[in-house]
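Heads up: the structure comes next, in structure tokens.
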Amino acid sequence: MIVTLIVAAAVPLHAWAQEPDLSKIPAYDGKINAWVDYCESLRINSGNLKNNFVLLLQAATKGLQMAKPDDAAGRAKFFMYAGLGNYYQIKFDSAQYFFYQSLHEAQKGHLTGLVSRACVVLIPVNFQLQQPDKVEECKNILQSIVDTTHNHDILENGDYALGNYYQLKSYYSTAQDYFIKSIQLREKEVDTISDLKKKFDYAIQCDLLSKLYLNTQMADKSLGVLRKAERFAAVSPNVGNRLLSSFVEAFTTLGNIDSALYYDRQLEEHVGNPMLFSSEIVSSDLNIAIYYVDHKAYQNALPYLTKGDTLATRTQTPLLMFQAQMVKGRWLEETGKFDQAIASLTQAMPVAKQLSKELYGNVLKYMALAQKGKGNAAVALQYYEQYVETADSLNKEKISRTFADLETHYQTNEKEQRIASLDKENRLNVLELENASRTRLLLVLGLAALGIISLLLYFIYRNKEKLNRVLGERNDKLDELNRDLAQANETKARLFGIISHDLRSPVGKIVSLLQLQKERPDLLNEEARQKHDDRLKKASENVLETMEDLLLWSKSQMQNFTPEFRPVKIADIVQKEIDLLKEQLEEQSIRIDCRVPGSFIQDTDENFLAVIIRNLLQNAAKYSDGNKLITITSSAQKLTITNPSSKAAAESLNRRLDNTKVDSSASGLGLQIAADLATRIHTRLFFREDPGSDLTAVLSWDSAPA
């Protein structure tokens, strides 16, 4: 009897991928998903890497370092991979720890699918560690999920794990039912789906079912289910080589040694590195050796026994070494090499006792025969008595397990029938509820029809009022249009008033300069002519700037024209406007002291603000007297322009700011423009009188005045 490791179908499978470059993946979820795919590719090992499970453990450890503490799904997956990396290295204690960590993370995140997968792998590990209480605990969690879920993927893995649970307990009939249910669920899509994991898991579960059939002496059925899995052998070297080894075992059990040898040769050809697939190769060689020993062809058995023993010794895997020692002990005993047989069986005995009574009984039997052959009758009798005692105990356990299996099988079928009955009752209840809902709907529709008739009568009665209301609304719209027209006419009148007021002086200046140039060119030498041309150019630019201000202001009066707000460095705007008025200020001998720091930044419209500052500077120049020094400062959310003035009072200027009447013969239209634009950029413009006859214009971004 050859023992094989259990392969757990635990996590989603994707195509083979190289280690991802996480630096090229910006999002956290993308990094985690890419690393999960990489771990899965190491688990399946379709690239036939050496030491892939060592690499898997390292990758899982890195994944746990990447996962955030609150990412229950990511941590559960990486704990699962860490457990698998240890499991396949026969480190069952470490594997159990990581699988339980995966279970706890999945339970913390209420992730039913990941809870199910953790239980799937914990059941065989707990069996391996001989911890029946933990086995039952995981089985009960998984059973409750399987009994209540309709999720296809969870049922596939859950039925497989329950079948594995009952196979480990030697409840072969119940295990067969669960395996078949899981395989039938997978068969519905395995040939059409592109997901390699589905194909991988299907092939592995067929292999496990074939082992179960061999345990129950049904080798023909074992071959049949292996044929079903054979079409997916290319999914992964793990699958292909495992199926080849299982074919060898099935054919040797049937007594068809030629077919067994054929598949053994196929296995030898497919395996590039025997150390990667030592379990499959050792099992295949030892099964052939057992066949030849059973048929007394000891010389034919020797090469296969030697190959299996050599590879098992090289791997230093306890389970494989035990299998080789057990078969070698039997071969040595039957070929008369009793001392060597006793030595080999002595090494195999502790492991056999730990694994199962059946294996332990076989070792005791061959030990008794070896001792007898050596002439140690008393020792042989002791081993034989232990063998008989173990065999009797095993037979009783088999009988007990058979009855327990039948009882479990009956209870499982009864429970499934009860669940099916409850499902039917639920469907009937749903139909009754649907009928009641339809009846209630008809009643509601009848009442709604009566309500509609009543509403129609009511609407007919109120139709006249509705028409009157519509007429009133149209009249209101007409009034609104009239108001808009009046406002547009007022804006037009203001625009023409401003044009006639603010453009008269600069245009007159240009005309005077042009007239001087035309009538008295002899008065201008080369230097004077250059200055004259510069003044003419500057005057033209001032007219252009004034026209742009007027156009901007006129646009600001339109409903759909809105400022574009962005962070603006105020000092740059102030300096630009000072440079623009430089000639005018020099003519009037006015100096400007700008103390606005470069760090003074506000969210505003640059063009609107430029017009406001230009008008305020012109106003300050106009009313400056005394030392004629204009000071520009900023503090908190305010910009201030201060000039010495005895000509204008703050109260009078503030009234002009609030004035909405257009008078082209009066001054202050530039301030009206500035006030309008300040309102549009959510600032407040006002004047104040400071001690010493100073007049200060304040542009405030605060909601309350200073």
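The values are calculated or read from the model by the stated rules, or taken from the named source; none is laboratory data. Since this is a predicted model, take the numbers as computed values, not measurements. Cβ coordinates were reconstructed from backbone atoms using ideal geometry, including for glycine residues, and neighbour counts include every protein chain displayed. Please note that ligands, DNA and RNA were not included when accessible areas were found on the heavy atoms of the full protein model with its side chains. Shrake-Rupley method; radii C 1.70, N 1.55, O 1.52, S 1.80 Å.
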* To do: Starting from the Cα of Ala636, move 7 Å in the Cα-to-Cβ direction to define the label point; list residues of the stretch 559-599 whose amide nitrogen is under 15 Å from there.
  => none
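If R0 is 30 Å, what FRET efficiency do you get for Asp29 and Ser144 from their C-beta distance, rounded to 0.05?
The computed FRET efficiency comes out at 0.50.
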* Structure fact -> Rh_Kirkwood(the stretch 224-304) over Cα pairs, Å, one decimal, evaluates to 12.7 Å
* **Full-extension gain in nm, Ser259 to Asp593, via 0.36 nm per residue minus C-alpha separation** => 109.7 nm
* Got a sec to turn the phi values of the stretch 185-202 into Karplus ³J(HN,Hα) couplings, 6.51 cos²θ - 1.76 cosθ + 1.60 with θ = phi - 60°, whole Hz, x for Gly and Pro? -> 5, 6, 4, 5, 9, 5, 7, 10, 7, 8, 5, 5, 4, 4, 5, 4, 5, 4
* Accessible surface of Ile453 in the full protein assembly, 1.4 angstrom probe, to the nearest 10 Å²? -> 100 Å²
* **Nonlocal amide H pairs with Thr683, under 5 Å, H built at 1.01 Å** => none
* Asked: If you take the Cα Rg of the stretch 72-180 and divide it by 2.2 N^0.38 Å, with N the number of residues, what do you get?
  -> 1.00
* Fully extended, how many nm does the chain gain between Ala436 and Lys228 (0.36 nm per residue separation, minus their Cα-Cα distance)? -> 70.0 nm
* Using the Cβ atoms and a cut-off under 9 Å, what net charge is assigned to the surroundings of Val282, where Lys and Arg are +1 and Asp and Glu are -1? -> -2
* To do: Could you calculate the FRET efficiency of Gln382 with Met66 from 1/(1 + (r/R0)^6), where r is the beta carbon distance between them and R0 is 41 Å, rounded to 0.05?
  => 0.10
* Structure fact -> Expressed in nanometres to one decimal, the distance between label points 7 Å along Cα→Cβ at Met547 and Ile90 is 9.7 nm
* Counting only protein heavy atoms and using a 1.4 Å probe, what share of the accessible area of the stretch 27-134 belongs to carbon plus sulfur, as a whole percent? -> 52 percent
* Would you please give the FRET efficiency between Asp191 and Phe565, computed as 1/(1 + (r/R0)^6) with r the Cβ-Cβ distance and R0 = 60 Å, to the nearest 0.05? => 0.45
* To do: Using a 1.4 angstrom probe, figure out how much accessible area the stretch 211-316 has per residue, in square angstrom, rounded to the nearest whole.
  => 42 Å²
* At a probe size of 1.4 Å, how large is the accessible area of Asp93, to the nearest 10 Å²? -> 110 Å²
* To do: Hand me the trypsin sites (Lys or Arg not before Pro) from the stretch 230-309 located in a DSSP loop with no more than 14 other Cβ atoms within 10 Å, in residue order please.
  => Arg231, Lys296
* For the stretch 278-398, alpha-carbon Rg relative to the globular expectation (2.2 N^0.38 Å, N residues) -> 1.03
